[in-house]
1. If I stretch the segment between Ser128 and Ser323 completely, what's the gain in nm (0.36 nm per residue apart, minus their alpha carbon distance), one decimal?
2. So, for the range 230-385, what is the accessible surface per residue at a probe of 1.4 Å, expressed in square angstrom?
3. For the range 64-71, take each phi angle, set θ = phi - 60°, evaluate the Karplus expression 6.51 cos²θ - 1.76 cosθ + 1.60, and give the result in whole Hz per residue in order, putting x for glycine and proline.
4. Using only alpha-carbon positions, what ratio does the radius of gyration of the range 31-114 give when scaled by 2.2 N^0.38 Å?
5. Rounded to the nearest 10 Å², what accessible area does Ser329 show when all protein chains are kept and the probe is 1.4 Å?
6. Given a 1.4 angstrom probe, I'd like the percentage of the accessible area of the chain that is carbon and sulfur, rounded to a whole number.
7. Seen from all sides and averaged, what is the projected area of the convex hull of the Cα atoms in the range 283-354, in nm²?
8. Share of antiparallel DSSP beta bridges in the chain, in percent to the nearest 5?
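The values are calculated or read from the model by the stated rules, or taken from the named source; none is laboratory data. This is a predicted model, so every value here is computed, not measured. Here the Cβ positions follow ideal geometry from the backbone for every residue, glycine too, while neighbour counts run over all protein chains shown. Just the protein is used for accessible areas: all its heavy atoms, side chains included, with ligands, DNA and RNA removed. Shrake-Rupley method; radii C 1.70, N 1.55, O 1.52, S 1.80 Å.
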Amino acid sequence: MSKVSCEGPAKLDHARARRVPTPGKATILAIGKAFPSQLVPQECLVEGYIRDTKCVDATIKEKLERLCKTTTVKTRYTVMCKEILDKYPELVTEGSPTIRQRLEIANPAVVEMATEASKACIKEWGRSVEDITHIVYVSSSEIRLPGGDLYIANRLGLKNDVGRVMLYFLGCYGGVTGLRVAKDIAENNPGSRILLTTSETTILGFRPPNNERPYDLVGAALFGDGAAGVIVGADPVLGQESPFMELNYAIQQFLPDTHNVIDGRLSEKGINFILGRDLPQRIDENIEEFCRKLMGKGKLVEFNELFWAVHPGGPAILNKLESTLRLKSDKLECSRKALMDYGNVSSNTIFYVIEKMREKLKREDGEEWGLALAFGPGITFEGILIRSL
């Protein structure tokens, strides 16, 4: 298995925040990320995927080449490697029942990445792991009892009475759901400190291409692996903690009768996805009303007076959002950059966007208010009105 490596945490100025946190409101106190050791440049992906899956269909190769050019992804990380394929050659045998093998790879891989991301986050936070009162773990890439939340708690040395929440199979909106859950815990348990960690791998969906499964090629061209972690808490301790975003108000909403637009089914052959072509349009038709609902809590009116931390499901969704809300070209810069650097890493990606947004706001002395948004199966919208501190 690829060795998981972690990018070092950002060095923070522990001076007083520019803005005072609202008493009792949850804040993000630290952030970290981690990835498998294998980095795949997009220009190398097609040849590697075609070789590894022993594909001899030239039309499939041409389709994948076209898709790779449209995703805007430049690099991403992956657990899959030559050593895994040598050990499990059945993963590239069409129709082979391989769910056991996939979970043998995925279960430890996501825990390892989540542990490394959490360590990076805790290091930036600067307090003891014994001060963590709750852990919220999000993943659509592992299946077992007990869940990865227990394994991560053990590996980090958390107290055995830490409150644990496991959020399974939410897909791309899972990171923002995790923030909403962590916010609720923080605001209803004075003094609590929540470790929220997300971890994803594409192992469950890796398979040889087939013209009857066109979405497999979209997944190959777009998705990557990795993990993220944040510490969430209310009423930050002056001199010990450095809050940088306040989680002011959060809502979730599903669009009725859209459950088939993103369809994921787990079988003995792994996980199969069907993605409706109308997904960007469905989001486009409902996004303004959803954003207005969030903005109303802060009496905010102008879209371009906000900063935008949007999960980059793909360039088409970002383009639709930008056009519909008439956003300035730089408003989705952090989302586009996260997609370019890491691909769509499902629930993790929102935290890569937030990390880039933190640096942008600090560098430019940017906007006070913004929105964190993600979309996924349901069709489900998750949104948080956030405040830069």
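1. Extra length from Ser128 to Ser323 when fully extended: 65.7 nm.
2. Spelled out: the 1.4 Å probe surface of the range 230-385, per residue, equals 42 Å².
3. Once rounded to whole Hz, the list reads 5, 4, 5, 4, 4, 6, 8, 6.
4. 1.22
5. Taking all protein chains as shown, Ser329 has close to 100 Å².
6. With neighbouring chains kept in place, the figure for the chain is 52 percent.
7. 4.7
8. Working: 47 of 63 bridges.
Counting only bridges with both partners in the chain, antiparallel ones make up about 75 percent.
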